[in-house]
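Read-outs: derived from the displayed coordinates by stated rules, not from any lab. The structure presented is a predicted model; accordingly, all values stated were derived computationally and were not measured. Note: ideal-geometry Cβ built from the backbone for every residue, glycine included; neighbour counts use all protein chains shown.
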């Protein structure tokens, strides 16, 4: 497929914009009328035929208008979607929402998923920041009832793990707090190799707790990504091409199934150390469940310390410019917030 002429690029852009708006095949006369083109319907139709022969458009039915193909969307995204930014008022609104929330990683994750879904009008996913090598930041031991104690392990980057302990005999909250602070003081910033090193200054109880901490850190190291937050799933199910469709449900199942999602992330954004937005169209021949969808993904955080992934999923007929600029902006915003938290 050769390089498109400027007029062909222009018409391809109009077809994609109109199809995103209407979800209906686009005819040449529709473009001339809606966009007040300074060219005849026949001229537009000839260019649309050329774009069809080049593989960028297709005609779903005889005598129907054209719709974009996967290649048409890829060309549009890679060459014609400018590195546009969200309008300044929307940026200020989103920033204000984040800085108004409590200094809470989980609340940031939920807000990020909500903002992405609302701005892009499709489904969103956000994974909590996750360190490739877990390091202890803070430990809490909280008496619950009887001999049960809740152990809360906070890792560098904000990742949280919890475990219930059953003690052979009750221990006061003051003693539990003293033990948790002692372990934090001795092992803060240490990875699993560091926490596996015994310390004669620890009591027998503290040694047991430290062993459990090491176990949770080992579990964290085995994960590809942190906890997953989803929003806007009903947005996708409401799209006309997905209404009552098994295709949409299969795509959303990929978001909700941990192993499938980790495979997607590990083979895309997590494989690339560079920041930036990645766009997957039609599953890219790898994920069959996504063959009718597009996914826009980006990493956030600080590589080497803690990173997460965020993005949106919707039909191939999605507003790419808006989706890409929203994903990029929220990723940059979360990177700043998470980095500030990590260096405190």
- For the stretch 287-305 versus the stretch 150-208, the gap between their alpha-carbon centres in whole angstrom: 35 Å
- Item | Computed FRET value (nearest 0.05) for residue 80 with residue 24, which takes r as the C-beta separation and R₀ as 25 Å | 0.70
- Ranked highest first by the average count of other Cβ atoms within 10 Å around their residues, in what order do 193-200, 110-117 fall? 110-117, 193-200
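With a ≥ b ≥ c taken as the square roots of the eigenvalues of the C-alpha gyration tensor of the stretch 6-80, please select rounded if a/c is under 1.5 and otherwise prolate if a/b is larger than b/c or oblate if it is not? Can you show the working numbers first?
Values: a/c = 1.34, a/b = 1.19, b/c = 1.13.
Because its axes are fairly even, with a/c under 1.5, the stretch 6-80 counts as rounded.
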- Compute the acute angle (0 to 90°) between the alpha-carbon long axis of helix 105-120 and the principal axis of greatest extent of the alpha-carbon atoms of the chain; round to the nearest 10°. 10 degrees
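Applying 1/(1 + (r/R0)^6) with R0 = 41 Å to the Cβ-Cβ distance of residue 336 and residue 177, what FRET efficiency is obtained, to the nearest 0.05? Please report the intermediate quantities before stating the final value.
On the way: r = 33 Å, r/R0 = 0.79.
The formula returns an efficiency of 0.80 here.
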- In nanometres, what is the gap between the two model label sites at residue 266 and residue 219, each 7 Å from Cα along Cα-to-Cβ? 1.9 nm
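Quick one: which of 203-212, 231-240 comes out on top by average Cβ neighbours within 10 Å, and what's the full order, highest first? Before the final figure, lay out the partial values.
On the way: 203-212: 15.1, 231-240: 17.3.
The densest-packed peptide leads the list: 231-240, 203-212.
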- Expressed in Å to one decimal, the Kirkwood Rh of the stretch 193-344 from all distinct alpha-carbon pairs is 17.7 Å
- Task: Note the listed values (1) -0.40, -0.99; (2) -0.28, -1.04; (3) -0.37, -1.10, then indicate which one is log10 I(q)/I(0) by the Debye sum over Cα atoms at q = 0.07, 0.13 Å⁻¹ calculated from this particular structure.
- Result: (1)
- Note on the structure: If one compares the long axis through the Cα atoms of helix 320-342 with the longest principal axis of the Cα atoms of the chain, the angle in degrees, nearest 10, works out at 20 degrees
- Once you put a point 7 Å from the Cα of residue 58 and another 7 Å from the Cα of residue 166, both along the Cβ direction, what distance in nm separates them? 5.9 nm
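Can you order the peptides 61-67, 313-319 by their average number of other Cβ atoms within 10 Å per residue, highest first?
Numbers: 61-67: 14.3, 313-319: 23.0.
In decreasing order of mean packing, 61-67, 313-319 become 313-319, 61-67.
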- For helix 246-256, what angle does its Cα long axis make with the longest principal axis of the chain, in degrees from 0 to 90 and rounded to 10? 30 degrees
- What full-extension length gain, to one decimal in nm, is calculated for residue 35 and residue 8 as 0.36 nm per residue of separation minus the Cα-Cα distance? 8.2 nm
